[in-house]
Structure formats: C-alpha cells, structure tokens
Amino acid sequence: MGSCSLGDELHVLAVDDSVIDRKFVEKLLKNSSYKVTSVDSGLRALEYLGLGDDQKDSLKCNDSKINLIITDYCMPGMTGYDLLKRIKESATMKEIPVVIMSSENIPTRINKCLEEGAQEFMLKPLQQSDVKRLRCHMKKLSSQCHGRVCLGR
C-alpha cells in the first residue's frame, strides 16, 4: 500500500453543525490516527483559522498546523460552500485542502464546490475508506513528501 509519510500527526479541522455527525467524523478521523479539531459552524472555523471578521487574514493563526479541512455542506448561517470560498480567497489559507461532505447527492452542488477549489466532495455517511483517501489530499507540511505520488487505498 503506497502512501505518503507526512510526519507523525496530521491535523484535520472538522466542521459540522450536527453534534452526532461531528462526533462520528471525529471518531473515523481518530481511528486513522489524525489529530482532530472540531467546530460547529463555518464562522467558528474561520475564527479558529484566524479569518474571523475581526481578524482579517491574520498571520498569527493556526494555519500551519492544519493539514486539511473537512466541512459539511448544509449548515445554518454559512454553508460549507461559503466557508470554502472564504478559505480560497484568503492569502494565508488558500493552500489548505478543503473536502466537502453532504448527505445529498446533487451534481450541480458537487460541481460548484469542485470548481471553487474543493479537493473532493464526499457523501455522508462517511466510511473509514473515505477517511483513508483523505491522506493524500493533506497539505504537505514537511519536505519529506515533495515530488512523491500518493496512492491512497
């Protein structure tokens, strides 16, 4: 099984307004040895990343420690798509891969997210095999992985 060695701990920011879904995704990620920070809204995710309205692209944020963001699409206030757009518009965060998940399989929605820069669109409920695929979307924080092709299984 070929996979990239990206250092010891990969840190995923999980965003979902549903407590049950959030705990489930957190458990799957932890089973795959990821470090997980979970928040319940797009606004909280932006605050965590240092992109809240009062922070405006601050460099003193946690960005260097986040390898990937996985977010639900349907959330009140700010959808996963809105969160994706804010991240991709940010000078300091746009390199962080974003994966969108949804229980609804709507091709136009999926295409819109992928066109905006999402790495992948996954259907809920996520499986352990989905989580394993995330490894090769991770932002490479160490130089160990440069120039290597990741083959997730």
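Here's the yes/no breakdown for (1) part of a loop (DSSP other than H, G, I, E, B); (2) at positive phi; (3) at pLDDT 95 or above; (4) buried (at least 21 other Cβ atoms within 10 Å of the Cβ):
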| position | (1), (2), (3), (4) |
| --- | --- |
| 36 | no, no, yes, no |
| 57 | yes, yes, no, no |
| 85 | no, no, yes, no |
| 112 | no, no, yes, no |
| 117 | yes, yes, yes, no |
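For the stretch 127-137, does any single residue satisfy the condition of being out of contact with any helix residue (DSSP H, G or I) (no Cβ under 9 Å at 6 or more places or on another chain), part of a loop (DSSP other than H, G, I, E, B) and at pLDDT below 95? No; the residues of the stretch 127-137 include none that is out of contact with any helix residue (DSSP H, G or I) (no Cβ under 9 Å at 6 or more places or on another chain), part of a loop (DSSP other than H, G, I, E, B) and at pLDDT below 95. Restricting the stretch 91-105 to residues that are not charged (D, E, K, R) and not in a strand (DSSP E or B), the residue that is nearest to residue 127 (Cα to Cα) is 103.
If I ask for residues that are among the basic types (Lys, Arg), without any contact (Cβ under 8 Å) to a residue 60 or more places away in the chain and closer than 22 Å to residue 27 by Cα, which ones from the stretch 78-135 would you list?
Scanning the stretch 78-135 gives a single hit, 133.
If we keep just the residues of the stretch 138-149 that are aliphatic (A, V, I, L, M) and surrounded by fewer than 17 Cβ atoms within 10 Å (Cβ to Cβ), which is modelled with the highest pLDDT?
Step one: filter the stretch 138-149 for residues aliphatic (A, V, I, L, M), giving 138, 141, 149.
Then keep just the ones that are surrounded by fewer than 17 Cβ atoms within 10 Å (Cβ to Cβ); that gives 141, 149.
Values: 141: 58, 149: 38.
Only one residue tops the list, namely 141.
Can you find even one residue in the stretch 1-13 that is under 15 Å from residue 125 (Cα atoms), touching a helix residue (DSSP H, G or I) at 6+ places or on another chain (Cβ under 7 Å), modelled with pLDDT of 95 or more and not charged (D, E, K, R)? The answer is no, given that none of the residues of the stretch 1-13 is under 15 Å from residue 125 (Cα atoms), touching a helix residue (DSSP H, G or I) at 6+ places or on another chain (Cβ under 7 Å), modelled with pLDDT of 95 or more and not charged (D, E, K, R).
The values are calculated or read from the model by the stated rules, or taken from the named source; none is laboratory data. Since we're looking at a predicted model, the values are computed, not measured. Please note: Cβ atoms are built from the backbone with ideal geometry, for glycine as well, and neighbour counts cover all protein chains shown.
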